[in-house]
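Structure, as structure tokens:
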Amino acid sequence: MNRRTLILAGVIGAIGVGALFMGCPPKEKGAAKTGASSAAEKVYVAPGEYDEFYAFFSGGFNGQLMVYGLPSGRLLKIIPVFSVFPRNGYGYTEETKAMLMTSHGFIPWDDTHHPELSQTNGEVDGRWIFINANNTPRVARIDLATMETREIIEIPNSAGNHPSTFITMNTEYVTAGTRFSVPIDIQTGKFKDVPIKDYAKEFKGTITFIKVNNDPNYEGEDKMDIAFQLLVPGYDYDLGHCGKGPSHGWCFFTSYNTEQAHTLLEKNASQHDKDYILAVNWKKAEQCLQEGKYHEFPAKYYHNYYDDKKHMAFSKVGDKVKVILPTECEGVAYYLPTPKSPHGVDVDPTGEYIIAGGKLSADLPIHSFSKMMKAIENNEVEKVIDGIPVLKFEAVNHCLVPKACIGPLHNEFDGKGFVYTSCFISSEIIKTDIEKCEVVDRIPVYYSVGHLMIPGGDSRKPFGKYVVALNKITKDRYLPVGPELNQSAQLIDITGEKMEMLLDFATIGEPHYAQALPADLIKDKVVKIYKLEENQHPYAVKSENETRVERKGNVVHVYMTAIRSHFNPDNIEGIKVGDTVYFHVTNIEQDWDIPHGFAIFGAPEPNMLIMPGQTLTIRWVPKEPGVYPYYCTDFCSALHQEMQGYVRVSPKGSNVPLKWGLDKDL
Amino acid sequence: MVMKRLPMYLLPILLVVGCGGGKKSESSSNTTEQKAQQTATVEQTQATAQSEQVSEFGVGPIQEPLNLPETIDEALAKKGQELFDKKGCTACHELDKKKVGPPLRGVTDQRPPEWIMNMIMNPDEMILKDPVAQKLLEEYGVPMTNQNVSKDEARAILEFLRKAAKEKKN
Ligand SMILES: [Cu+2]
């Protein structure tokens, strides 16, 4: 989310809520003075003990996904997704470059926002976690057994992929959509070259449904595929969540900028009292697809997936998508009027309540799914926009929680009838009784909370226990470290009647949303090594007897092994200036947590970190004659410092023969 | 940097007040598995300090005598030879020459077969607890790696090593 659009000078005054929520939070920081020692006990995970929850925080503009333990707030891992990662070579090694290919070429970065754990029957099932790329629209799937990115699919006809990734109850679909509408050229599948002032006429939004292959017997990692796109009016589609239980079959997306402004949006897109939640009936869309009520648009998009037997990523390129027009598929979508420039939209565990965060309104709008269905049945329609009926506000609204807080953004659920809402402007989390439409508790957070997260808090069965505030502004929370600061998260106990602040911890990049699940659900399934005998990498060597160097013209392949604590070969001669050298290094260890690194002098690529049983490749083009060292970058044993080698590079055309070896003179 | 600090003697008192008693015991109750792991770590540390009593079979899954026949199972030995290569042993061992680890021809004459299988399957613990393995570590300086070898695989490799020993004698 964009904090600038929120800090509107007039907003606070206009809403006119009392001084209660205004201005700075109270002076004393952090855990309530009274409960410091009991708070410490609640988050203390003794040395050698494990956390109760795995939590997955998006990395925002670092394009990664962070794994934290809760309640300790320990950082357990950084998973590179859409950004290259010098730490292990992701995006630099020959095997992983394909993961970051798009129709716009190799893209080494993106902006991740909303991780979503896979679900079965609306419950978190511990198989995968999805996450979106906002800038060059893509969706990734990360396997929870290896905690590595296994698949990335590009979304055509889209920009600013923000209402993503949200899933349906059985992970049938993952959503994507346009926060930035685009001038789609139906003939070419590219963006049209048009005057920006023609926005209202030329720009369209799309809501994309990605089908997920849930067949447990399907071993391929290419599990996602674009099922269809719904062409919608050119508003800004912001966030989403799909129905569950009775509302299974529907997904809901907020929109703002129904004014269709194309400049100074913070003013021009804040005119309407209400914008819309778009309700999409995807079961209806499936029916329309079957009846042939769709168009095929040309569209170039990459689909990349990583095969962890071949230890290599592959790309397929799609060339068309099915597009459904609401005018031709009656009942596929409705608009629910919602105040005001709503941000998050969240469905409660029962599937009945659809709660938005009307970020410029102090009232929290709670819609009712059953009322919506009745309104559709009774045709309580205000008007129709491009084939999408706008239902009457009163006909779908359960209630507006009056003066809930200032700047409500997102909601999560505890499964006990309460909704927890983050309030950006008043820097607090509030707890509301959904049925009674009544705020029952509130707690200040530091500062300016964006998303909030309860483990399983957007599923049918929340695990509860904690809510995490993902704060946007850190300022004085930690020791000062210059102008650029890490963002801060706060852990809050929600087991009691009153929320209790437990812990602050710093997070990396800008975590937007997060998800969490009990460690017991997956910790015993997590993979420790890759089995060497299953390694099908075409350049793998599984024993030192197979190590060798092969020349093909001016391309040289080095088939190398790494084990504590030597490379084989560790002396290589006969490389010439003008050669392209590929070091294919197989780590032949079969023990947990013994990676070896590989780096070579002067290479523009960073090191690669090779896991036990894995093969990775770095490309090296030496520019000048000389002898160049390479070495293991990961302290692997007492003799790690001895884990080194030399490559001799001779001038172009010299007759130094190609030789290699270990423990002998060449 | 001069700062107003609390006098040192006040610290213990503050700590006692701050920590609010020994309530922790309940919440630190662990799964048995974790407990076992922790105990193992503790034992390991002690073992390095004072060499523990271990059987002549060493430490590992083989604690019953194997009672091997004199004759060599040729098919099994052949499988063992392949595994010796596939499981990464050749990265550190040759039969007749020191590499990273000791030459292995004749090792079956020097050590009980049970000990050899434990060394193959459980080297990390062996070098911490078994006096013979500890001596070898002292000599070679590099700890042998755990290559995740199963019992059946270790048995096949043992047969290969037994065959290799016989070949030398002939
Ligand atoms: Cu190493």
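The values are calculated or read from the model by the stated rules, or taken from the named source; none is laboratory data. The structure displayed is predicted, hence computed values, not measured ones. Neighbour counts are summed over all protein chains in view; Cβ atoms, including those assigned to glycine, are modelled from backbone coordinates with ideal geometry. Heavy atoms of the whole protein, side chains included, go into the accessibility calculation; ligands, DNA and RNA do not. Shrake-Rupley method; radii C 1.70, N 1.55, O 1.52, S 1.80 Å.
Would you mind telling me which numbered condition in (1) touching a residue at least 12 places away in the same chain (Cβ under 8 Å); (2) closer than 30 Å to B:M121 by Cα A:G626 fails?
Among (1) touching a residue at least 12 places away in the same chain (Cβ under 8 Å); (2) closer than 30 Å to B:M121 by Cα, the lone unmet condition for A:G626 is (2).
Report every pair of residues separated by at least 6 positions or lying on different chains whose Cβ atoms are under 6 Å apart, first residue within segment B:146-161 and part of a helix (DSSP H, G or I), second of a type outside the set (A, V, I, L, M) and open to solvent by 20 Å² or more (accessible area, probe 1.4 Å).
The qualifying pairs are B:A156/B:K79; B:L158/B:P113; B:E159/B:D73; B:F160/B:Q81; B:L161/B:T108.
Checking A:P337 against (1) modelled with pLDDT under 95; (2) within 30 Å of A:I406 (Cβ to Cβ), only one condition comes out false. Which one?
(1)
In segment A:175-189, how many residues are open to solvent by 60 Å² or more (accessible area, probe 1.4 Å) and more than 18 Å from A:K322 (Cβ to Cβ)? Explain how you work it out, then say what you get.
The first filter runs over segment A:175-189 and keeps only residues open to solvent by 60 Å² or more (accessible area, probe 1.4 Å), leaving A:180, A:186-188.
With more than 18 Å from A:K322 (Cβ to Cβ) added as a condition, the list becomes A:180.
Total satisfying the criteria: 1.
Any chance segment B:152-168 includes a residue that's open to solvent by 30 Å² or more (accessible area, probe 1.4 Å) and within 14 Å of another protein chain (Cβ to nearest Cβ)?
Step one: of segment B:152-168, the residues open to solvent by 30 Å² or more (accessible area, probe 1.4 Å) are B:152-153, B:155, B:162-163, B:166-168.
Of the ones still in play, those that are also within 14 Å of another protein chain (Cβ to nearest Cβ) are B:152-153.
Yes, that holds for at least one residue.
So B:L136 clears everything in (1) of a type in the set (A, V, I, L, M); (2) open to solvent by less than 20 Å² (accessible area, probe 1.4 Å); (3) closer than 16 Å to B:P112 by Cα except one condition, right? Which one?
Result: B:L136 fails condition (2) only.
Residues are listed down the side, and each one gets a yes or a no for (1) closer than 26 Å to A:Y353 by Cα; (2) surrounded by fewer than 24 Cβ atoms within 10 Å (Cβ to Cβ); (3) touching a strand residue (DSSP E or B) at 6+ places or on another chain (Cβ under 6 Å):
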| residue | (1), (2), (3) |
| --- | --- |
| A:I454 | yes, no, yes |
| A:K461 | yes, yes, yes |
| A:K475 | no, yes, no |
| A:N486 | no, yes, yes |
| A:D493 | yes, yes, yes |
| A:A514 | yes, no, yes |
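Which residue is nearest to A:P604 (Cα to Cα), if the candidates are limited to segment A:571-589 and must be touching a residue at least 60 places away in the same chain (Cβ under 8 Å) and open to solvent by 10 Å² or more (accessible area, probe 1.4 Å)?
A:Y582
Scan the helices (runs of 4 or more DSSP H) fully inside segment B:62-122 and keep the ones with 1 or more residues being open to solvent by 40 Å² or more (accessible area, probe 1.4 Å), within 14 Å of chain A (Cβ to nearest Cβ) and polar (S, T, N, Q). Break it down stepwise before answering.
On the way: elements: B:74-86, B:107-110, B:113-121.
Answer list for segment B:62-122: B:74-86.
Restricting attention to segment A:528-571, which residues are in contact with an Asp or Glu (Cβ under 6 Å, 6 or more places away or on another chain) and either within 16 Å of the ligand (Cβ to nearest atom) or part of a loop (DSSP other than H, G, I, E, B) (or both)?
Of everything in segment A:528-571, those that are in contact with an Asp or Glu (Cβ under 6 Å, 6 or more places away or on another chain) and either within 16 Å of the ligand (Cβ to nearest atom) or part of a loop (DSSP other than H, G, I, E, B) (or both) turn out to be A:S543, A:N554, A:T561, A:I563, A:S565, A:N568.
Collect the residues in segment A:555-570 that are within 14 Å of chain B (Cβ to nearest Cβ) and either at pLDDT below 95 or open to solvent by 10 Å² or more (accessible area, probe 1.4 Å) (or both), keeping them in residue-number order.
Correct list: A:Y559, A:R564, A:S565, A:H566, A:N568, A:D570.
Can you tell me which of (1) modelled with pLDDT of 95 or more; (2) in the same structural domain as A:N161 (by TED's automatic domain parsing) is the one A:V526 doesn't meet?
Only one criterion is unmet by A:V526, namely (2).
Only one of A:H398, A:H367 is in a strand (DSSP E or B), open to solvent by 10 Å² or more (accessible area, probe 1.4 Å) and of a type outside the set (V, I, T); which? Show your work before the answer.
Numbers: A:H367 fails: open to solvent by 10 Å² or more (accessible area, probe 1.4 Å).
Going through A:H398, A:H367 in turn, the sole match is A:H398.
Kindly evaluate A:E148 against the criterion of being out of contact with any helix residue (DSSP H, G or I) (no Cβ under 9 Å at 6 or more places or on another chain), more than 30 Å from A:N535 (Cα to Cα) and of a type in the set (D, E). If you could, list the steps in order and put the result at the bottom.
Working: out of contact with any helix residue (DSSP H, G or I) (no Cβ under 9 Å at 6 or more places or on another chain): yes; more than 30 Å from A:N535 (Cα to Cα): no; of a type in the set (D, E): yes.
Answer is no for this residue.
Within segment A:114-136, work out how many residues are farther than 24 Å from A:G249 by Cα and part of a loop (DSSP other than H, G, I, E, B). Working first, answer last.
Step one: filter segment A:114-136 for residues farther than 24 Å from A:G249 by Cα, giving A:133-136.
From the residues that got through so far, the ones that are part of a loop (DSSP other than H, G, I, E, B) too are A:134-136.
Summing the residues that are farther than 24 Å from A:G249 by Cα and part of a loop (DSSP other than H, G, I, E, B) in segment A:114-136 gives 3.
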